[in-house]
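Visitor: Before we start, here is the structure in question, set down as structure tokens.
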Amino acid sequence: MKYFVLSAALALSACAASSSGWSAAAWNGLPDRTVAGGNYSFFAAPVEGQGFKLKFSVKTDGSFGVASAPTEDALLEAASAAAPEGCTLATLERTPDGGAVADYACD
């Protein structure tokens, strides 16, 4: 038990020491994921080489189209929910495909 507590303490201190903030490599390594916003599901993926940005695209199952573009509120909700730990949504810019690119301020 003593060794388990000691190893847990060492692991936590290593995490704390290495979490000095986001790097470009760490950001680009974020996994793609699905995020809900309003009545839509969005596919969120890092935009490589553009700083701390995620690209949001409307997610479908391929068997149907989207009747209307998502609202600004739906995109803002999804972009806020997708903010990684230590980051907050800074700006959101619509894209011609009906999605958006969100820019984050990260520690």
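Visitor: Could you grab the pairs with beta carbons closer than 7 Å, sequence gap of 6+ or different chains, first residue in the stretch 21-41 and without any contact (Cβ under 8 Å) to a residue 60 or more places away in the chain and of a type in the set (A, V, I, L, M), second one part of a loop (DSSP other than H, G, I, E, B) and surrounded by 11 or more Cβ atoms within 10 Å (Cβ to Cβ)?
Guide: Matching pairs, first to second residue: L30/P84; V35/A82.
Visitor: Next question, about the same structure. Within the stretch 28-49, how many residues are surrounded by 15 or more Cβ atoms within 10 Å (Cβ to Cβ) and either of a type in the set (V, I, T) or assigned to a loop (DSSP other than H, G, I, E, B) (or both)?
Guide: 4
Visitor: Could you identify the single residue in P96, P70, P84 that is modelled with pLDDT of 90 or more, in a loop (DSSP other than H, G, I, E, B) and either surrounded by fewer than 12 Cβ atoms within 10 Å (Cβ to Cβ) or out of contact with any helix residue (DSSP H, G or I) (no Cβ under 6 Å at 6 or more places or on another chain) (or both)?
Guide: P84
The values are calculated or read from the model by the stated rules, or taken from the named source; none is laboratory data. Quick caveat, the model's predicted, so the values are computed rather than measured. Methodologically, a virtual Cβ is constructed for each residue, glycine included, from the backbone with ideal geometry; neighbour enumeration extends over all protein chains shown.
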